[in-house]
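Input: a single structure, listed below in structure tokens.
Please treat every number below as a calculation from the coordinates, not as lab data. All values derive from a computational prediction rather than experimental measurement. All Cβ positions, even for glycine, are placed from backbone atoms using ideal geometry, and neighbour counts span all protein chains on display.
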Amino acid sequence: MSRQCKGALMAAGGGICWGISGTMGQYLFTHEAMHTTWLIPIRLSLAGLLLFAYWLVKDRKLLFAPWRQRGSAVMLVLYGVLGVSMSQFLYFLTIQFSNAAVGTIMQDLSPVMVLLVACAAARRKPRLYELVSIVLALLGVTLLTTHGDLTTFAVSPVALIAGVGSAVCVTVYNCLGPRQELRAYPVSLLQSWAFLMGAVLFALTMHPWTLGYTPTLRGVGGILFVVLFGNLLAFNLYMSGVKLIEAMLKLLRCTSFVGSASISSTQARSASGMYIMSI
């Protein structure tokens, strides 16, 4: 299997896992009465500790290597906090105030942002087909958020702002992940630090232990599902694929919509959910 093909399959698989985890997040918010400020610190802690323990056993020296160089340490903080962790929080906040399909589509504005960053870095104007892609993406999001009526929004302002913010954060980790300062380290090692930094940040700012929430057995199963598909599989598959194929195929992240929308269609009875599936 060629490098390009392997990278494309891994990136697509990561996108699908991300979408599936978003649908489970919607279930946890709707049926288990969880809140984003409780779920995100917990899932980041679990995922981070699992990966940290794995690398602590496998290669302790390599685990702490990114912190020994100033450049890689700075990039790791930006990648982990502003990129990975904030994208997780804002993505699930969007889902909490809308649904999984809306959250995923809003987050998948990130390829447009990555394209604009790439054009700015290369000091060139977008090509015609790139402009067409940008217009179509923005048109799709406009239809999603207004249902064709430009005088009103079909999603809440919180979901809209969080969705756009999530796309910005995805752009951050897409652009920082392949940089030379981080490229030498395995994806799962970088993710362990990213998840742990996010867990500490959100625990200190959101105080989930004060919410008085206790998950049911199904809720615990849902959390483990989200950790497996949304953290361990999605990020590692996607970022490993990006390392192989670079920015050209970052658009494969849009396959996350396939995962979330196809599953959402079997459980959604909301008008917005049905509208999305009809587009």
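Numbers for the structure displayed
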{"quantity": "Ranked 52, 92, 229, 153, criterion: other C-beta atoms within 10 Å, fewest first", "calculated": "153, 52, 229, 92"}
{"quantity": "Theoretical ellipticity at 222 nm over the chain - DSSP helices of four or more residues, -39500 (n - 2.57) apiece, nearest 500", "calculated": "-23000 deg cm²/dmol"}
{"quantity": "GNM top mover of 226, 164, 155 - the chain, alpha-carbon springs below 10 Å", "calculated": "155"}
{"quantity": "Rounded Å value of the spacing that divides the Cα centres of the stretch 146-205 and the stretch 72-115", "calculated": "2"}
{"quantity": "Among 34, 106, 239, residue whose mean-square fluctuation peaks in a GNM of the chain (springs only between Cα atoms under 10 Å)", "calculated": "34"}
{"quantity": "Longest segment of the chain lacking trypsin sites (Lys or Arg not before Pro) that sit in a DSSP loop with at most 14 other Cβ atoms within 10 Å", "calculated": "1-122"}
{"quantity": "Neighbourhood net charge (15 Å Cβ-Cβ; Lys/Arg +1, Asp/Glu -1) for residue 95", "calculated": "-1"}
{"quantity": "Computed over the chain: relative contact order in percent, which uses C-alpha pairs under 8 Å that are six or more apart", "calculated": "46"}
{"quantity": "Among 30, 210, 148 - extreme Cα towards positive end, dipole of the chain, charges at beta-carbon", "calculated": "210"}
